[in-house]
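Here is the structure we will look at, set down as structure tokens.
The values are calculated or read from the model by the stated rules, or taken from the named source; none is laboratory data. Computed from a predicted structure; not experimentally measured. Please note: Cβ atoms are built from the backbone with ideal geometry, for glycine as well, and neighbour counts cover all protein chains shown. Side chains included, ligands, DNA and RNA excluded: accessible areas come from the protein's heavy atoms. Shrake-Rupley method; radii C 1.70, N 1.55, O 1.52, S 1.80 Å.
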Amino acid sequence: MTQASVLLKTYFGYDRFRPLQREIVAHVLAGNDALVLMPTGGGKSLCYQLPALALPGLTLVVSPLIALMKDQVDALQANGVAAAFVNSSLPAAEIARIQTRAGRGELKLLYVAPERLAAAGFRDFLASANVSLIAIDEAHCISEWGHDFRPDYRNLARLRQDLSGVPVIALTATATPKVGRDIVHQLNLAGGRTFTSSFDRPNLTYSVQPKRRARQRLEALLGRYRGQPAIVYCFSRSDTEKLAAALTAAGFSAAAYHAGLSPQARSAAQERFIRDKVSVIVATIAFGMGIDKPDIRLVVHWDLPKTVEGYYQEMGRAGRDGLPSECVLFYSFGDTVKHSYFINELAAVAERDNARQKLAQMVAYCEGEECRRRFLLRYFGERPGEEGSCGGCDACLAPPPSADATEITQKILSAVLKTGQRFGAGYVCAVLRGARTGQVLERGHDRLSVFGIAPDYSDVVLKQLMRLLVGRGLLGKSPGEYPTLAVSAAGRRFLSQRQSITLPRVQAPETVVRRPRAAGDLAYDQGLFEKLRGLRKRLADEQGVPPFVIFGDKTLMEMAHYLPQTATALRRIFGVGEQKMARLGEAFLTVISAHVAQQGKG
Ligand code: ADP
Ligand code: ZN
């Protein structure tokens, strides 16, 4: 493992492995199979890239995302690693050339798309090549239980047979145990080990904001991240275009992205975003699968996602590089109604129930009063501690002020009881507020003692209170399309024992989203950082690669903090390996020295 640590600094410029990475690398180097379940940004790539450098032969990397392969290979080459890719975007002659190089042992990593594995020529090539390791990225694509099943991944079972004896490492950011078990089964990894890291993303700050005056809120948010990469997810294609236009008119650098655009328009938008030519991408969830941009600082959900899994995946695209980043969801109860409408249209009962249940969980995330991080971790089967602030969510950073709500709770529970526990929230509200609607009059509910006992409350506030009471277990809600409310045993005790209750003030001032917590945040010279970003952009454009292939933000921040002015000092900076030192060191040292000299004079 000492050799591995040397390779880590020489090629990648990193000082140490992350804890699980070290174990995985050792396990794979010993010739074992492995399944790695790690969240986005966890550092999966290194788990096979480092063994690839240490092993004698070729490492074959199967990846479904053609658009991503080139960036990954560019990044490896920039670090001096002999890597290449073959996929349908290359001419046959080029593919043949690359395979010849691989056959001669000139490559350490070869990235391929799964459909290539079935091609006869490719199977012959593999049989003759000296393959030391097979890495399967996005391994959940082999499972029909996953969210992104790809039939081409079935080819992997045969690859496994063709290259029997070659160790396999499968990797995915899927957090579902069921999918994990399916991967082990499909790839026949039973003899190997499964490595699961926590799915916590400590550098991400989560918050939910009411979807009121949403445009204004969005602009304020984006204003705090001006010039930095951000994604705004919308439900409908037309919303992405409208919002992108409105943001552009408001002076932001924004572009729309959705599956209805031509392939050219789509890849142009994606390319401009990856190369920092546009800061904000307003997109449907079609956007993101094929991108690996490490420095996305903000992900906003303009509409409610349908499942927590989907939400976790989309917002998880923020802050892959481990730097503080923010995930904000705009929530309105109206969005729930919209989704429910579509769910009710589903023909299959099982599918409908499943979708309803998933949506209910998503709503619970938004309406809950507890720590968002703990909610997510528990959702994915972890057992986070119950105590203390996570320091990175709105519930922990700015809990809404609570107020005594005993009286209104008594009124709500009584109204549910007196109307016979047969109605939904809307009807109970009408009674409480004293609305003489046709239905209320027909049923004679205007003569009940609870009629009109809460005239000062709006419908919206009453409904929100009812949801809180459901959350606290005082009210029960029937499942199904038209849920009715009932008072639970705890609710009856509340009334009979004259208990009191405090609830968050539902008309509380809008939550303030704080700056993300400064995990590993350095105080650095902002002016120099901007100059270094400029240099990075220029070099990236010259070389035709995305800026992060040159250096990541963390590297530039360390430079702007430590102000290295000699080669030795620069080598100590995060992300500066030997290859980059040789090719880029001088350019960056020049800018840093000039800046320091200028500061000294000023
Ligand atoms: P994943 O594929 O799991 O989403 P990546 O492999 O892209 O994650 O790694 C995410 C980020 O973490 C990369 O930007 C990389 O720079 C960083 N990283 C990975 N391993 C290390 C390490 N040992 N030390 C420092 N940074 C690391
Ligand atoms: Zn929290």
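Our note on the geometry: Cα centres of the stretch 139-175 and the stretch 234-293, 31 Å apart.
Just how large is the dipole of the stretch 2-196 about the Cα centre, in debye to the nearest 20, putting +1 at every Lys and Arg Cβ and -1 at every Asp and Glu Cβ? Kindly include the intermediate steps, with their values, before the conclusion.
Working: 19 positive and 16 negative charges, 65 e Å.
With Lys and Arg at +1 and Asp and Glu at -1, about 320 debye.
In the stretch 204-397, Cα pairs under 8 Å separated by at least six residues give a relative contact order of 25 percent. Note on Ala489/Ser449: beta-carbon distance plugged into 1/(1 + (r/R0)^6) with R0 of 22 Å gives a FRET efficiency of 0.45.
Please report the projected area of the stretch 247-328's Cα convex hull averaged over all directions, in nm². Show your work: numbers first, answer last.
Details: hull surface 23.2 nm².
Computed as one quarter of the Cα hull surface, the answer is 5.8 nm².
Extension gain, Asp15 to Gln598, is 206.8 nm, computed as 0.36 nm per intervening residue step minus the present C-alpha separation.
Among the protein heavy atoms, those of His445 account for about 20 Å² of accessible surface (1.4 Å probe, every chain in place). When the surface is traced with a 1.4 Å probe over the full set of protein chains, Glu382 keeps roughly 50 Å² accessible.
First measure r as the distance between the Cβ atoms of Arg215 and Glu370, then evaluate 1/(1 + (r/R0)^6) with R0 = 35 Å and state the FRET efficiency to the nearest 0.05.
On the way: r = 29 Å, r/R0 = 0.83.
Step by step, r from the Cβ atoms, then E = 0.75.
Count Lys and Arg as plus one, Asp and Glu as minus one, and take only other residues whose Cβ is under 12 Å from that of Gln270; the net charge is then +2. Given in Å, the Rg to one decimal and the Dmax to the nearest whole number for the Cα atoms of the stretch 204-397 are 16.7, 50.
The Gln161 and Arg383 beta-carbon pair, evaluated with R₀ = 41 Å, returns a calculated FRET efficiency of approximately 0.60.
Can I get the semi-axes of the chain's equivalent ellipsoid? Compute them from the C-alpha gyration tensor as square roots of 5 times the eigenvalues, in angstrom, largest first.
Details: eigenvalues 496, 173, 96 Å².
Ellipsoid half-lengths, sorted descending, are 50, 29, 22 Å.
Placing dummy labels 7 Å off each Cα toward the beta-carbon, the span from Ser478 to Ala286 is 4.1 nm. Rg/Rh for the stretch 526-599 (Cα atoms only, Rh after Kirkwood) is 0.92. Which log10 I(q)/I(0) values does the stretch 98-227 give at q = 0.12, 0.13, 0.22 Å⁻¹ under the Debye formula, counting every alpha carbon as one identical point scatterer? Ignoring solvent entirely, the Cα scatterers give -0.64, -0.69, -1.32. When His185, His147, His561, His258 are compared by accessible surface with a 1.4 Å probe, the order from highest to lowest is His185, His147, His561, His258.
The relative contact order of the stretch 142-296 comes to 19 percent, based on Cα pairs under 8 Å that sit 6 or more residues apart. Which residue, Pro483, Leu377, Ser325, has the largest displacement toward the positive end of the dipole of the chain when charges sit on each Cβ (Lys, Arg +1; Asp, Glu -1)? Going by the Cα projections, it comes out as Pro483. Taking only the Cα atoms of the stretch 353-483, the radius of gyration and Dmax are 17.5, 53 Å.
What whole-number value in Å² describes the accessible area per residue of the chain for a 1.4 Å probe? Can you show the working numbers first?
On the way: 26650 Å² over 602 residues.
Heavy-atom SASA per residue in the chain reads 44 Å².
Partner lysines whose Cα lies under 29 Å from the Cα of Lys531, excluding those fewer than 8 positions away in the same chain, are identified as Lys9, Lys70, Lys277, Lys293, Lys554, Lys580, Lys601.
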